[in-house]
Amino acid sequence: MSDLLRFRTDKDEFFRSGNQSPLTADQKRSFQGLNYFPENPALLLELKLERSTDHASVVLATSTGDERDYVHIGQVRFDVEGQEAILQVYEDDYGYFLPFSDATAPGETYGAGRYLEPIELRADILHVDFNLAYNPYCAYNERWSCPLPPAVNHLRLRIEAGEKKYHD
């Protein structure tokens, strides 16, 4: 079993039976597992973090109308099938945060966007694995409040990796 398949299997089990699962009790009873794109090795990336010089505070709106504070730490650039993409990277008390949406939404992925949590491999080099892109908890039910990707992180190209939408 690949690391990614093991990760997905463990996540399904957590959603099905975990105390901190985003699913309601009713949802857990009928849960058959999350939907994913097939593993896409071309979207497992090591990217240079182009650091922001001012580390500006950024407020992201949430799905419930609240706001969350982040620090803009920079951006990453990468190619998807010959098209350049640029995404802004943020930071909070939990680490790096990369909220985005792409042209797979809302047909195949959650319409409000998906999340990644890049890992710094070494100075200004981030591990960004779109195979790990996941839906925020508000994609499962309305009791959750989730930051929405800012307009600057709405890509016009398709990121065919990671989690697909849970339901229509």
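Name the residues in region 92-135 that are free of Cβ contacts under 8 Å to residues at least 12 places away in the same chain and of a type in the set (Asp, Glu), would you?
Passing the criteria: only ASP93.
Report those strands (runs of 3 or more DSSP E) wholly inside region 75-166 carrying at least 1 residues which are buried (at least 19 other Cβ atoms within 10 Å of the Cβ) and either modelled with pLDDT of 95 or more or within 11 Å of the chain's Cα centre (by Cα) (or both).
83-92, 95-100, 114-116, 125-129
Residues checked against (1) loosely packed, with under 14 Cβ neighbours inside 10 Å; (2) among the β-branched types (Val, Ile, Thr); (3) in the same structural domain as GLU120 (by TED's automatic domain parsing); (4) under 20 Å from ILE119 (Cα atoms):
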position: LEU23; (1), (2), (3), (4): no, no, no, no
position: ASP26; (1), (2), (3), (4): yes, no, no, no
position: SER30; (1), (2), (3), (4): yes, no, no, no
position: LEU45; (1), (2), (3), (4): no, no, yes, yes
position: LEU60; (1), (2), (3), (4): no, no, yes, no
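Taking interchain pairs and intrachain pairs at least six residues apart, which have beta carbon atoms under 9 angstrom, with the first residue in region 66-89 and in contact (Cβ under 8 Å) with a residue 24 or more places away in the chain and the second assigned to a strand (DSSP E or B) and of a type in the set (Ser, Thr, Tyr)?
ARG68/THR62; TYR70/SER57; TYR70/TYR90; ILE73/TYR90; ILE73/TYR96; VAL89/TYR96
Which one of GLU46, GLU39 is part of a loop (DSSP other than H, G, I, E, B), over 22 Å from PRO147 (Cβ atoms) and modelled with pLDDT of 95 or more?
GLU39
Inspect region 144-154 for any residue being in contact (Cβ under 8 Å) with a residue 60 or more places away in the chain and among the hydroxyl-bearing types (Ser, Thr, Tyr) and give the result as yes or no.
Checking region 144-154: at least one residue is in contact (Cβ under 8 Å) with a residue 60 or more places away in the chain and among the hydroxyl-bearing types (Ser, Thr, Tyr).
Just checking, how many residues over region 49-64 are under 20 Å from ALA139 (Cβ atoms) and assigned to a loop (DSSP other than H, G, I, E, B)?
Adding up the residues that qualify gives 2.
For region 1-24, which positions are closer than 19 Å to ASN131 by Cβ, in a helix (DSSP H, G or I) and not β-branched (Val, Ile, Thr)? Spell out how you get there, then give the answer.
Kept after step one, since they are closer than 19 Å to ASN131 by Cβ, are these residues of region 1-24: 1-15.
Restricting the remaining residues to those that are in a helix (DSSP H, G or I) gives 3-15.
Answer for region 1-24, where residues must be closer than 19 Å to ASN131 by Cβ, in a helix (DSSP H, G or I) and not β-branched (Val, Ile, Thr): ASP3, LEU4, LEU5, ARG6, PHE7, ARG8, ASP10, LYS11, ASP12, GLU13, PHE14, PHE15.
The values are calculated or read from the model by the stated rules, or taken from the named source; none is laboratory data. Not measured: the values here are computed from a predicted model. Cβ sites come from the backbone with ideal geometry, for glycine too, and all protein chains shown count toward neighbours.
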